[in-house]
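Read-outs throughout are calculated quantities, based only on the coordinates presented, and are distinct from any laboratory measurement. Note that this is a predicted model, so its numbers are computed, not measured. Here Cβ is always computed from backbone atoms with ideal geometry, including for glycine, and neighbour counts include all displayed protein chains.
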Amino acid sequence: MLRTAARRAAEAGVSERVDFKVSDAAQLPLADGSIDAAVSTLSLHHWRDPAAVLRELWRVVRPGGRVFIYDTRFSYSERQVAEFLGATPFGTRSLDYRPLRVGRLPVAFYARYVINHS
């Protein structure tokens, strides 16, 4: 995945502006407020302690930054994700939830959670 991400960043001409790392999502090797945005795709349902990961994202995303989480719509409900956020400094008001459809499928199988760091 890292090689693919690096290749795609190079193809997009943004290699100098992005960095890719592998780590435990609840213990990121990043300084406080050091990133503008975090993106998680299809991993939320694997997080052992979603509130712990969200607290860590609060720590590393700068104020004014955002967290984008994409996952299957059936792993956690909007209410459950809001509960996880309620156990963090983000709070529940920071959440923007949207079901996502892919192609012509009649059901939205995926969800997008955008969390604003204020």
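Residues in the stretch 51-92 that are farther than 17 Å from ARG112 by Cα, β-branched (Val, Ile, Thr) and touching a Phe, Trp or Tyr at 6+ places or on another chain (Cβ under 7 Å): THR88 alone. Restricting attention to the stretch 68-118, the residues that are among the aromatic types (Phe, Trp, Tyr) and farther than 18 Å from ALA37 by Cα total 5.
Counting only residues that are among the small types (Gly, Ala, Ser), outside any loop (DSSP other than H, G, I, E, B) and within 22 Å of ARG101 (Cβ to Cβ), the stretch 27-51 holds 1 of them.
Being assigned to a loop (DSSP other than H, G, I, E, B) and over 15 Å from the mean Cα position of the chain (by Cα) is the filter; apply it to the stretch 77-90 and report the residue that is surrounded by the most Cβ atoms within 10 Å (Cβ to Cβ). Selected residue: ALA87. The number of residues in the stretch 52-76 being touching a residue at least 40 places away in the same chain (Cβ under 8 Å), outside any strand (DSSP E or B) and either within 17 Å of THR41 (Cα to Cα) or in contact with a Leu (Cβ under 8 Å, 6 or more places away or on another chain) (or both) comes to 2.
LEU2 passes every criterion in (1) under 22 Å from TYR110 (Cα atoms); (2) exposed (fewer than 13 other Cβ atoms within 10 Å of the Cβ); (3) without any contact (Cβ under 8 Å) to a residue 24 or more places away in the chain apart from (1).
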